[in-house]
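Only the coordinates and a few stated rules stand behind these numbers; no lab work does. These numbers were taken from a predicted model, which means no experiment stands behind them. Here the Cβ is made from the backbone with ideal geometry for all residues, glycine too, and neighbour counts use every protein chain on show.
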Amino acid sequence: MCRLCPLHAQRTNAVPGEGHPDTEVVFVGEGPGFNEDQQGRPFVGAAGGLLNELLRAIGWKREEVFITNVVKCRPPGNRDPEPAEIAACAPYLRRQLEVLDPAIVVTLGRHSLGTFMPGARISAAHGTQRPVDPTTGAPNALAYAMYHPAAALRQYSLRETMLDDMAGIPAALLESRARRSEPVGELPVDPVAEQAAGVIETVEVVDAVELETVLAGVATTPEQVDDDQMQLFG
Ligand code: URA
């Protein structure tokens, strides 16, 4: 059992994440809630229902993307994850991103935003993209910022905003694909990301066995992929 942070003490299940191992799109939320802790799967409660709806709105299914969180164990009472807990869990997320090598990392909520767009404010950043610092684990990705679905459950007017932001993801994916096909060394430099490079904290100690467990989620395959609808693999 991972004991890198205090969250292990009260968890029922760790929630590593799940999705398509060959996807180009990774959604990163904050941390498991009650239902996720019970089932060991991410975004299976009310916020997950809304996330599924948002994906359907652009013709995607959750089995075609990968869904995970910045912390893999539930913060008691669904409190916000502490910076030290996010830092302790970062090696797991980093390894997942190294393996998946996504074109787009969609951040859901403030804590995920803080990892992939350090210094950005969600009210200004939502619906925008920025190159991801490779020290996060994603070698060549754009981060695309969104509000957390739970925020739209609390505040109905945010649903429209989230639908609009979701509708921007396919264009961001096309932009990222274009960047990724450019020869290495000719990528436009993003000064904000460059500056942030030193800010991302690294945790060197990773329990290899635990990492295997986390990566088990990466091997999850969808039951069926509908090729007609699939703009991700199309
Ligand atoms: N909220 C999150 O941030 N992640 C989940 O997995 C569920 C709810």
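In Å and whole numbers, how far do the C-alpha atoms of region 1-109 stretch along each principal axis, longest first?
39, 29, 21
Per-residue counts of other Cβ atoms within 10 Å, averaged by peptide: what ranking do you get for 143-149, 70-76, 30-36, 177-183, highest first? Numbers along the way, then the final one.
Details: 143-149: 25.9, 70-76: 24.0, 30-36: 22.1, 177-183: 11.3.
Highest to lowest by the protection proxy: 143-149, 70-76, 30-36, 177-183.
How high is the FRET efficiency from residue 180 to residue 123, r the C-beta distance, R0 30 Å, rounded to 0.05? Show your work: numbers first, answer last.
Working: r = 29 Å, r/R0 = 0.97.
It comes out at approximately 0.55.
With +1 on the Cβ of every Lys and Arg and -1 on the Cβ of every Asp and Glu, and nothing else charged, how large is the dipole of region 58-197 about its Cα centre, in debye rounded to the nearest 20?
Working: 15 positive and 16 negative charges, 97 e Å.
Roughly 460 debye, rounded to the nearest 20.
5 Å is the cut-off here: which amide hydrogens, built 1.01 Å from N in the peptide plane, fall below it relative to residue 106, excluding neighbours closer than 5 in sequence?
26, 27, 28, 144
Residue 56 to residue 84: FRET efficiency via 1/(1 + (r/R0)^6), r the Cβ-Cβ distance, R0 30 Å, to the nearest 0.05?
On the way: r = 36 Å, r/R0 = 1.22.
Approximately 0.25, to the nearest 0.05.
How much net charge surrounds residue 116 when only the other residues with a Cβ under 10 Å from the Cβ of residue 116 are counted, with Lys and Arg +1 and Asp and Glu -1?
0
Based only on other Cβ atoms within 10 Å, what is the fewest-to-most ordering of 68, 23, 135, 107? Spell out each step's value before the answer.
Numbers: 68 26, 23 22, 135 15, 107 29.
Ordered from fewest to most neighbouring Cβ atoms within 10 Å, 68, 23, 135, 107 come out as 135, 23, 68, 107.
I need the shape label for region 74-183. Rule: rounded when a/c is under 1.5, else prolate if a/b > b/c, else oblate, with a, b, c from the alpha carbon gyration tensor. Numbers along the way, then the final one.
Numbers: a/c = 2.23, a/b = 1.13, b/c = 1.98.
Note, shape of region 74-183 comes out oblate.
5 Å is the cut-off here: which amide hydrogens, built 1.01 Å from N in the peptide plane, fall below it relative to residue 65, excluding neighbours closer than 5 in sequence?
Close amide H contacts, sequence-distant or interchain: 20.
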